[in-house]
């Protein structure tokens, strides 16, 4: 099995297909490298595509120590993947938990004053628990879910978290695809998933405390969300306002896992975005079009 060793000794499994400019796909909590199959098949026609399983996800290593799981660690794992594969720069595409990792990677490696490792960023389904009034509750709930996974296993997680309010749209549209998603989710390692919930999801900072760093991202960024993914809607708009070289795509009638719920539309939007990046099209927002505040009509973050 092909694996890349990280700088802290964890081995990450990956698959790749195609040739050309590299795209690195970073999966969500309920997914793994298999979640990107609709994108691997489509984009491998023109790009070198890599999908990997995060630490704690089969067939990557599953560290037993919860300290091996954190926002900073998964951000560094993106760099380890690029370095291990000899890739200087890539288009980095993340969903949900993977979108948080992608965004943090952008803040550290695609920002003003740093050596850029990204050709572009795609941040899809990003924002669960980030809104200031929801952040503490999200962290607490993540730790509770981690304990529940320890006690009840992955079948419990698949039957609860996997059927959440932003998942049922996928189930209604595509029962067969949703059944495959649930089956793959239930196959995850319980130790890895519980540790991911406790160490990563349950400890990550609110994006609203990082807006100055987010605003320094200087590569083209595609922000994507489903219009029924309530936890991510407000944050997606904030990211659009904060990142001057960003586009925002809202998929109608869609929930959280938009790359598998609406693969054709997801691929179309991403393909068009990447084509514009490859052509060197100027994406920076015109000064005349800048919002008065990234906080929108409220204008003052203290009011949130």
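Hey, among the residues in segment 81-93 that are in contact (Cβ under 8 Å) with a residue 24 or more places away in the chain and in a loop (DSSP other than H, G, I, E, B), which one's farthest from residue 31 (Cα to Cα)?
By that ranking, first place goes to 88.
I'd like to check something: does segment 70-77 contain any residue that is in contact with a strand residue (DSSP E or B) (Cβ under 9 Å, 6 or more places away or on another chain) and in a strand (DSSP E or B)? Working first, answer last.
Here is the first cut: in segment 70-77, the residues in contact with a strand residue (DSSP E or B) (Cβ under 9 Å, 6 or more places away or on another chain) are 74, 77.
From what is left, the residues that are in a strand (DSSP E or B) are none.
No, every residue in segment 70-77 fails to be in contact with a strand residue (DSSP E or B) (Cβ under 9 Å, 6 or more places away or on another chain) and in a strand (DSSP E or B).
Would you mind stating whether residue 96 is in contact (Cβ under 8 Å) with a residue 12 or more places away in the chain and in contact with a strand residue (DSSP E or B) (Cβ under 8 Å, 6 or more places away or on another chain)? Steps first, answer last, please.
Values: in contact (Cβ under 8 Å) with a residue 12 or more places away in the chain: yes; in contact with a strand residue (DSSP E or B) (Cβ under 8 Å, 6 or more places away or on another chain): yes.
So residue 96 fits the description; yes.
Can you go through 223, 219 and tell me which one is touching a residue at least 60 places away in the same chain (Cβ under 8 Å), touching a helix residue (DSSP H, G or I) at 6+ places or on another chain (Cβ under 8 Å) and either assigned to a loop (DSSP other than H, G, I, E, B) or surrounded by fewer than 24 Cβ atoms within 10 Å (Cβ to Cβ) (or both)? Full working, then the answer.
Working: 223 fails: either assigned to a loop (DSSP other than H, G, I, E, B) or surrounded by fewer than 24 Cβ atoms within 10 Å (Cβ to Cβ) (or both).
Checking each option against the conditions leaves just 219.
Please find, within segment 284-303, the residue that is farthest from residue 235 (Cα to Cα) out of those that are modelled with pLDDT of 85 or more and surrounded by 15 or more Cβ atoms within 10 Å (Cβ to Cβ).
So the residue we want is 285.
Does segment 32-47 hold any residues that are in contact with a strand residue (DSSP E or B) (Cβ under 7 Å, 6 or more places away or on another chain) and either assigned to a loop (DSSP other than H, G, I, E, B) or more than 15 Å from residue 267 (Cα to Cα) (or both), and which are they? So that I can check it myself, show each step before the final result.
We begin by selecting, within segment 32-47, every residue in contact with a strand residue (DSSP E or B) (Cβ under 7 Å, 6 or more places away or on another chain); these are 33, 36, 39-40, 43-44, 47.
Result: 33, 44, 47.
Could you tell me whether any residue of segment 247-267 is closer than 24 Å to residue 119 by Cα, free of Cβ contacts under 8 Å to residues at least 12 places away in the same chain and not in a loop (DSSP other than H, G, I, E, B)?
Within segment 247-267 (the criterion being closer than 24 Å to residue 119 by Cα, free of Cβ contacts under 8 Å to residues at least 12 places away in the same chain and not in a loop (DSSP other than H, G, I, E, B)), the answer is yes, since at least one residue qualifies.
Quick check: is even one residue across segment 51-65 under 15 Å from the mean Cα position of the chain (by Cα), crowded, with 17+ Cβ neighbours inside 10 Å and not in a loop (DSSP other than H, G, I, E, B)?
Among the residues of segment 51-65, at least one is under 15 Å from the mean Cα position of the chain (by Cα), crowded, with 17+ Cβ neighbours inside 10 Å and not in a loop (DSSP other than H, G, I, E, B), which makes the answer yes.
State all residues of segment 192-217 that are modelled with pLDDT of 95 or more and farther than 28 Å from residue 116 by Cα; if no residue qualifies, say none.
The answer is 192, 193, 194, 195, 197, 198.
The values are calculated or read from the model by the stated rules, or taken from the named source; none is laboratory data. Computed from a prediction, not measured in an experiment: that's the story for all the values here. Cβ: placed from backbone, ideal geometry, glycine included. Neighbour counts: every protein chain shown.
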